[in-house]
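Only the coordinates and a few stated rules stand behind these numbers; no lab work does. What you are looking at is a predicted structure, and each value in this text was computed from that prediction instead of being measured. Neighbour counts are summed over all protein chains in view; Cβ atoms, including those assigned to glycine, are modelled from backbone coordinates with ideal geometry.
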Amino acid sequence: MITIRFWLVSILFFFLFSCNNDDKIKDDRTIFNYNEMNGLSSLDPAAASNFENIWPVNQIFNGLVQLDDSMVIRPCIAKSYSLSEDGLEYSFYLRNDVYFHDNLCFEKGKGRKVIAKDFVFSFERLFDSKVSSAISLLEVIDRSEKSSYKGFIAINDTLLKIYLKKPFSSFLSILTMKFFSVIPREAIEMYAQDFRKNPVGTGAFTFKAWDEGTKLILLKNQNYFERDSNQNRLPYLDALTVSFIKDRETSFMELLNGKFDMLSGADAFNTNEVLDKQGELRELYKKKFYLQKQTFLKTDYIGILVDEKNPIVINSPLKLKAIRKAINYAFDRNKLVKYLRNNIGEAAHAGFIPKGLKSYNPNLVKGYDYNPEMVQKLLAEAGYKDGVGLPELVMHTTDVYKEQAEFIQSQLAENNIRIQISIEKSSVLRQAVNNSEYNLFKKSWYSDYADEENFMSLFYSKNFSPQGVNFFHYHNERFDSLYEIALKENDELKKINLYQKMDQLIIDDAVIIPLYYDEVVRLVSNKIKGLGNNSMNLLNLKTVKKQN
């Protein structure tokens, strides 16, 4: 009996060397190959909550709107859209030339045209917490009598209306997330729970095979609706394969040997080996591949629990703003980024909102620099002159950030602030932070959608964890007021100003200790052309070409 793995390899071999209509061997197929160290759990867009799933899902599915590499929202299946004057009703006008992939779930296996009812079905499915983790994103949907208790109405085949409870200026950005892709009812009815490994979408690539833990194969969608500026049908590539090698040294060798066309992320290769201290590619490797670096909408930080109703806070010097500020001044972020990250990323001298979003402006949002004199002044102000009597603090982190934590520990010690490092498993750290069990903790936050609201939501008092994402239990009425105004504001310049004011409040109250704004880092084969890069780290292969 043939094994699944042998069957999968056989499919790929057959695809690579299949004959054309003239019965001649066609060997110029172009296949993009990349490795995903962390594996893949689902190809259902409802489960697209991490990059491992989002990347292949982005090749298979489309939504109403999409982001370009400049983080501008563009039409996709919706050719245009409008918003009512009261900000409560969106109208999306759909293209009439978009078809689902051919699949056995359809009559005669032929993919049918996408209509507005398909979006109603796809979005309603997201309200089921057993299916999706996107339910919190739908809280703004108005499911009252006004919308027939649905929130989404297909007026006809090409007009979809979405109703909101209140104006929400970030809503279009949310719709760019892969959760909001369109899927056919027929596929869910046929595959049910197995839709995760039998995806049917409208994207540039169609699903072929997935041997979990070994290989994923996607093929070119010959009927894809998008075209380039010369009206050539996209995509250019014939196929995409994803491998799941966990060892970074092995995957790097595969890149060197031409088996992979890309490795992504600073954890995917030995940065000390491949990059110099300026963060540039060493000369040795330039003949094989090139380096892509791009601002990433991600902020790494140390969080502080500031809820004075919590016994942990009551008994900690961290309840004092002066101590929290002193820690912010007590270590050199520039050295951390240069020596421990090979200049990948940028030291966080502004607020929580990272470089890459429009409101990021270190000239207007003033953060912290290394300033030992200010540290001693603040310690004295807090009643701990020269650190005398200041209890040892405990910072919780994971093994991945141990080296960074030790650097910070050493520099704080030089400035009379002692901290102990507690290494935790990721799952333990996550749960403890959610349950307000740790006073000081290392975390990071990356944007689910390209809007500052996604970052500021962490500090809104109605989002206290564990139900929400305010892990700090920060409550500032001025902040809350600005946040609520920003949610309704559609004027871009006014929104930027509001977010900058909020960001400065967070810094002034020293709720967090910003460390650095991260970067997307990719090693890409010199054979690959047209691979875009964006600050959401979203992989888009529609316009990629590969030289054989």
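A few remarks follow.
- Exposed chymotrypsin sites (Phe, Trp or Tyr not before Pro) absent: longest stretch of the chain, with sites in DSSP loops and at most 11 other Cβ within 10 Å deemed exposed: 150-548
- Inter-part distance, region 485-548 to region 383-418, computed on C-alpha centroids, equals 30 Å.
- Rh by Kirkwood over Cα pairs, then Stokes-Einstein D for region 49-124 at 0.890 mPa s and 25 °C, µm²/s: 170
- Taking Cβ atoms as reference points and 14 Å as the exclusive limit, the residues near Lys208 contribute a net charge of +1, counting Lys and Arg as +1 and Asp and Glu as -1.
- Loop-located trypsin sites (Lys or Arg not before Pro) in region 391-449, at most 16 other Cβ atoms within 10 Å (DSSP): Arg418, Lys425
- Debye intensity ratio I(q)/I(0), log10, region 217-272, q values 0.21 Å⁻¹ (C-alpha model): -0.81
- Fraction of the pair-distance distribution of region 121-164 above 13 Å, Cα-Cα pairs, percent: 55
- The charge dipole of region 364-444, taken about its Cα centre with unit charges on the Cβ of Lys, Arg, Asp and Glu (plus for the first two, minus for the last two), comes to roughly 260 debye.
- Size of charge dipole - the chain - debye, nearest 20, with Cβ of Lys, Arg +1 and Asp, Glu -1, no other charges: 900
- Sorted into 5 angstrom bins from 0, the C-alpha pair distances of region 252-330 split as 3, 11, 16, 14, 9, 7, 7, 9, 9, 7, 6, 1 percent.
- Shape call, region 320-422: gyration tensor on alpha carbons, a/c limit 1.5: oblate
- For region 422-546, alpha-carbon Rg and Dmax in angstrom: 18.2, 54
- The chain, relative contact order in percent, only Cα pairs under 8 angstrom and at least six apart counted: 18
- Structure-derived Cα Rg over 2.2 N^0.38 Å - corresponding label in (i) 2.37; (ii) 1.04; (iii) 0.94: (ii)
- Over all orientations, region 298-518 has a Cα convex hull whose mean projected area works out to 11.5 square nanometres.
- Taking Cα centre as origin and charging only the Cβ of basic (Lys, Arg, +1) and acidic (Asp, Glu, -1) residues, the dipole magnitude of region 298-518 rounds to 180 debye.
- Charge context of Lys288, other residues only, Cβ under 14 angstrom, K/R +1, D/E -1: +2
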